[in-house]
Amino acid sequence: MKGQRNIIFALGFALIVALFSIANIQNVKVNYIVGYFETPLVIVILGSVTVGACIVFLVGGWKFVKMRNYTKKLEKEMEQLRSSLPNEEVAATIENVVNENDHSKPLS
């Protein structure tokens, strides 16, 4: 359900940007330090939205990779600790606690 909500939100945002862009079709002068060029405002708006989306995607992807690597590191550490336990019963108890606290599984 969360994925559907995100898609609906993204489509709504895209529609708003498209309507806003179409309403602003006049030419504008874009100044840079070394020069300028003239282009329709629609291109400036859509270009800005695209660059912003790319920045958000890159930052989000970087955080995702960082979190995934951290999770793998913690899983390896947990496995090493589990294998170093002398008693099978203690290992089974820890496994039960981990399974009870696993929030990635769907609730039934």
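Between Lys72 and Thr93, how many nm apart are label points set 7 Å from Cα along the C-beta direction?
If labels sit at Lys72 and Thr93, their model points lie 3.3 nm apart.
Going by alpha carbons, how many degrees (0 to 90, nearest 10) lie between the helix axis of 2-23 and the longest principal axis of the chain?
Helix 2-23 and the main axis of the chain meet at about 10 degrees.
Return a whole-number percent for the relative contact order of region 1-102, with Cα pairs under 8 Å and 6 or more residues apart as the contact set.
13 percent
At Gln80 and Glu38, where each label point lies 7 Å from the Cα along Cα→Cβ, what is the point-to-point distance in nanometres?
My value for the distance between the label points is 6.7 nm.
Among the chymotrypsin sites (Phe, Trp or Tyr not before Pro) within region 19-101, which fall in a DSSP loop and have no more than 16 other Cβ atoms within 10 Å of their own Cβ?
Tyr32
Quick one: angle between helix 88-100 and the longest Cα principal axis of the chain, in degrees between 0 and 90, rounded to 10, please.
30 degrees
Helix 41-84 versus the longest principal axis of the chain: what is the Cα-based angle in degrees, 0 to 90, to the nearest 10?
Helix 41-84 and the main axis of the chain meet at about 10 degrees.
Since every read-out is calculated from the coordinates, none of them should be taken as a lab result. Small disclaimer: the values here were computed from a predicted structure and weren't measured. Note: ideal-geometry Cβ built from the backbone for every residue, glycine included; neighbour counts use all protein chains shown.
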